[in-house]
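One structure below.
Nothing in this text is a laboratory measurement; each read-out follows from the coordinates by a stated rule. Small disclaimer: the values here were computed from a predicted structure and weren't measured. Cβ: placed from backbone, ideal geometry, glycine included. Neighbour counts: every protein chain shown.
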Protein chains: 2
Amino acid sequence: MSRIYDRVALIGLGLIASSMAHAMRAGGLAGEIVGTARSAETRAVARELGFCDRVTETAAEAVRDADLVVLATPVGVMGAVAAEIAPHLKPGAVVTDVGSVKRAVIDAVGPELPDTVTFIPGHPLAGTEHSGPRSGFATLFRKRWTILLPPDDADETDVARLRALWEGMGAYVDYMAPDHHDLVLAVTSHAPHLIAYTMVGVADDLRRVTDSEVIKYSAAGFRDFTRIAASDPTMWRDVFLSNREATLEILGRFTEELFALQRAIRTGDGDHLHAYFTRTRAIRRGIIEAGQDTEAPDFGRGSAS
Amino acid sequence: MSRIYDRVALIGLGLIASSMAHAMRAGGLAGEIVGTARSAETRAVARELGFCDRVTETAAEAVRDADLVVLATPVGVMGAVAAEIAPHLKPGAVVTDVGSVKRAVIDAVGPELPDTVTFIPGHPLAGTEHSGPRSGFATLFRKRWTILLPPDDADETDVARLRALWEGMGAYVDYMAPDHHDLVLAVTSHAPHLIAYTMVGVADDLRRVTDSEVIKYSAAGFRDFTRIAASDPTMWRDVFLSNREATLEILGRFTEELFALQRAIRTGDGDHLHAYFTRTRAIRRGIIEAGQDTEAPDFGRGSAS
């Protein structure tokens, strides 16, 4: 690998940004990595772990002379961060972000940035249930998709460089339009997360079924929901509030289908249930063939009866 | 390990029974393992793989002189199987099952069996997304819970032997009453499975979001639902129809909570969302501490943004 940017500034130092720092360093992709975070504790941890070359007190300092600026905060504050850094951006710099929703980020960030920089929104589809600066690791993006959303007038060289950075960190890269991105992610991520949060909340509420039983017997299916529902609360609050329309649309369809299945259970319509459950197997096979999951039978994760 | 039963008969040779055969053989727990299945194809596969010492054409033949008979068919046919084998059971034999619901199985099987045998219902909380006689493996039950539901008048020696068999296959064993079992499983397994099936069905219906996109970007959360929703359709149809009341009760609570969260999204109530998402993290920690999942950050399974 060779250097792609002379200086990269990371604003926000959670799971994604710290993983980017580890991955850029492992690949020699950046001359200097500068990081900053709003919280003094996060900055202290970042200094202790040393995944950035420099950690600055303010975002304004961090972006100075940076060729690439990465907004890696919760999406709800990205507009404010953009306004804060705008006067300090180097002309010709590229600004990107790693937010899970794109229309709201583009609407909030775009107008704050000067014409002398190019904003190329991005979204790495990678993560774990852990958050914060200690949770990052260099291989997080490997064989995972990163979606870039270059505006029509973006310079091709700028887009190619940002793509090369993500590929250098091991990611597959794809391009998408903002509204389509938000709908696809509502299906593949946002609705499933809200549903998982809900189911875990219901289990928590049921006092007849003691906590220890829910936990002991979680391998029967519930466990997979708890992993999803352990993700960062602030990040997810912002995701749902900023991708409101698409998320609610998918949840509406979900509720409709769920009612139809509940009715089939209530009326004893076994054929309806069987046909529905058969159909969903095909999607699973597609995911395994696409290399986005493994078929390994258990390794501690079997979905069980 | 030493021999616990002289002859064990397995009725139905899917994932659970074939895994039991592999595990019993690995541990030397049974003198002879006899298996049977309704489908000629399943019997042929079982003969080819050789995990049973003998494969018989009928259940009546299989149970002859067996000390332990394991009903491992879908729960919807267990009553009929019990009626079929009843005249052929050895006096003093123990009959058990591995069904995912217990009240309905007890009501269907119990009355069919002669007084000369003891029925001790069971439920191993283990499985994978795969089904059929080729999917079994000896370590499926290792460090997973098996719930036994001995009737009040069961002989202690009979219960202890069955427990020893499950422990010999690597399982943890717990006792529970039938109705409580069905409620706990509705929370930890049945409702999560129906919800996962529903979400995968919704994604399949959405023609604007092409199949390939749903599959490509599934690592963002959806993937975990598809694994659950790939389980055996016949087994799950029977589970929902036989644990109707508890499943519908939990789904009713789930829908209530989901509506409250949808409303919070619609009205922009970020505090409600944040508080809800924070609460669900504690359950996740409990599961990891209980050894029922691993904290490993990814191994191809990160729940992502």
- Message: Running a GNM on chain A with Cα contacts under 10 Å, which residue among A:GLU129, A:GLU61, A:GLU289 ends up with the highest mean-square fluctuation?
- Response: A:GLU289
- Message: Just to confirm the numbers: A:GLU61, label point 7 angstrom along the Cα-Cβ line, distances to the other copies in nm, shortest first?
- Response: 8.3
- Query: Sequence-distant or interchain residues sharing an amide H contact under 5 Å with B:ASP97, placed H: which?
  - Reply: B:LEU71, B:GLY122
- Message: Report D for the protein assembly as shown in µm² per second (integer): Stokes-Einstein, Kirkwood Rh on Cα pairs, 20 °C, 1.002 mPa s.
- Response: 84 µm²/s
- Item | Cα-based helix-to-principal-axis angle, A:244-267 vs chain A, degrees rounded to 10 | 10 degrees
- Can you give me the Cα centroid spacing of the range B:13-61 and the range A:138-163 in angstrom? 53 Å
- Item | Sites excluded, trypsin sites (Lys or Arg not before Pro) in DSSP loops with at most 13 other C-beta within 10 Å, longest stretch of chain A | A:4-142
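For an R0 of 35 angstrom, estimate the FRET efficiency from the Cβ-Cβ distance between A:ASP152 and B:THR210 and round to the nearest 0.05.
With a Förster radius of 35 Å, E is 0.95.
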- Most mobile listed residue (A:THR118, A:THR188, A:THR280) in chain A, GNM with C-alpha springs under 10 Å: A:THR280
- Query: For the range B:5-176, what ratio Rg/Rh do Cα atoms give with a Kirkwood hydrodynamic radius?
  - Reply: 0.92
- Item | GNM flexibility winner over chain B from B:VAL105, B:VAL70, B:VAL187 (Cα, springs under 10 Å) | B:VAL187
- Low-density loop chymotrypsin sites (Phe, Trp or Tyr not before Pro), the range B:44-138, at most 12 other Cβ within 10 Å, DSSP non-H/G/I/E/B, are none
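Summing -39500 (n - 2.57) over the DSSP H runs of n ≥ 4 in the protein assembly as shown and dividing by its residue number, what mean residue ellipticity at 222 nm do you reach, to the nearest 500 deg cm²/dmol?
Taking each H run of at least 4 residues, the total per residue is -14500 deg cm²/dmol.
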- Item | Cβ nearest the rotation axis (B onto A), residue from chain B and distance to the nearest whole Å | B:ASP224, 2
- Task: Quick one: P(r) of chain A from all Cα-Cα pairs, 20 Å bins, percents rounded to integers, in order of increasing distance.
- Result: 30, 54, 16, 1
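Compute the signed sum of charges (Lys and Arg +1, Asp and Glu -1) over the other residues within less than 12 Å, Cβ to Cβ, of A:ALA44. Before the final figure, lay out the partial values.
Details: positive: A:ARG43, A:ARG47, A:ARG134; negative: A:GLU41, A:GLU48, A:GLU57.
Here the count lands on 0.
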- Query: Using a Förster distance of 56 Å, how high is the FRET efficiency between A:THR116 and A:ARG279, based on the Cβ-Cβ distance and rounded to 0.05?
  - Reply: 0.60
- Query: In terms of modelled amide H atoms, which long-range or inter-chain residues lie less than 5 Å from the amide H of B:ARG7?
  - Reply: B:GLY31, B:GLU32, B:ASP67, B:LEU68
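Treat the range A:180-289 as a sphere of radius equal to its Kirkwood radius over Cα pairs and apply Stokes-Einstein at 25 °C in a medium of 0.890 mPa s; give the translational diffusion coefficient in µm²/s, rounded to a whole number. Mind dumping the intermediate values first?
Details: Rh = 16.0 Å.
In µm²/s, the coefficient is 153.
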- Label-point separation, B:ARG25 to A:ASP179 (7 Å along Cα→Cβ), nm: 6.0 nm
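Hey, which of these cross-link pairs are over 25 Å Cα-Cα: A:LYS102/B:LYS216; A:LYS102/A:LYS143; A:LYS143/A:LYS216? Display every interim value, and only then the final one.
Details: A:LYS102/B:LYS216 18 Å; A:LYS102/A:LYS143 22 Å; A:LYS143/A:LYS216 33 Å.
Among A:LYS102/B:LYS216; A:LYS102/A:LYS143; A:LYS143/A:LYS216, the Cα-Cα distance tops 25 Å for A:LYS143/A:LYS216.
What share of the DSSP beta bridges in the protein assembly as shown is antiparallel, in percent to the nearest 5?
On the way: 6 of 52 bridges.
Beta bridges within the protein assembly as shown, antiparallel portion: roughly 10 percent.
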- Task: Would you mind working out the magnitude of the charge dipole of chain B relative to its Cα centre, with +1 at each Lys and Arg C-beta and -1 at each Asp and Glu C-beta, to the nearest 20 Debye?
- Result: 1000 debye
